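Structure record follows, encoded as structure tokens.
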Amino acid sequence: GFEEDLNAILGEISRRTENASLCTALLSATLTPGTARLAERMVDPVTIVIEPEQDDLEIVGGGAGSDSDEDGDGQGTMDIDGLKRMANIMAGGSKIRMPEGLNHTSVEVSMKARLPALAGLLAGWMQGSISKAIVFFSSCESVEYHYKTLRWLAKGSKGKMEDDDDAAQGPYEIFRLHGMLAQGERTSVFRKFAETKSGVL
């Protein structure tokens, strides 16, 4: 949905950073044809894949690598040291360890059990040793639905589901972040999530 905007941003970055060393990162929770088209704009891209059954973050793919930007578009370049480190990792088959404080969890459940399983996991985690969690959804509409539902469940399923962000929260805070929110609101949400002791984004 953001492909046109991202292409415009990439074009402007290219124009402003002509002949400059630049490293571009494209991060996406969903891999779509649009994501692939954006990746094609990068020079010698490297793909990072996280396999659900592995604890390691492995770097795969990518071209031979070059610290120069041959077509002059300023995209996808990296400093020489960065390229050497990347080439070393790729050549040796070594892996990058996930940070110890970061856990990537996946649970396979039926479509009917998805919402209760998610709500139960989050409620259990927030009462235990895990104080913060980030959950990804495939659309803005899905974020809105889960935001309202999880807020309602977190306050004990009392009253109506509120659209009001100032409505009373439960024992832990629920935050939403998606592309339909204004930039100022997104920044504010991210800051609040960073500052809270216990919450779900």
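The values are calculated or read from the model by the stated rules, or taken from the named source; none is laboratory data. As the structure is a computational prediction, the values presented were derived from the model and not from experiment. Every residue, glycine among them, receives a Cβ derived from its backbone with ideal geometry; neighbour counts consider all protein chains shown.
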Residue hits (region 133-147; surrounded by 13 or more Cβ atoms within 10 Å (Cβ to Cβ) and closer than 15 Å to residue 196 by Cα) are 133
Which ones in region 113-158 are farther than 16 Å from residue 201 by Cα, basic (Lys, Arg) and in a helix (DSSP H, G or I)?
-> 114
Filter region 105-132 for residues that are of a type outside the set (A, V, I, L, M, F, W, C) and surrounded by 11 or more Cβ atoms within 10 Å (Cβ to Cβ); which is modelled with the lowest pLDDT?
-> 127
Cβ pairs under 6 Å, 6+ apart or interchain, first in region 185-196 and surrounded by 15 or more Cβ atoms within 10 Å (Cβ to Cβ), second at pLDDT 95 or above and in a helix (DSSP H, G or I), ordered by first then second residue, are none
By residue number, the members of region 5-20 that are closer than 15 Å to residue 35 by Cα and either in contact with a helix residue (DSSP H, G or I) (Cβ under 7 Å, 6 or more places away or on another chain) or in contact (Cβ under 8 Å) with a residue 12 or more places away in the chain (or both) are 6, 7, 10
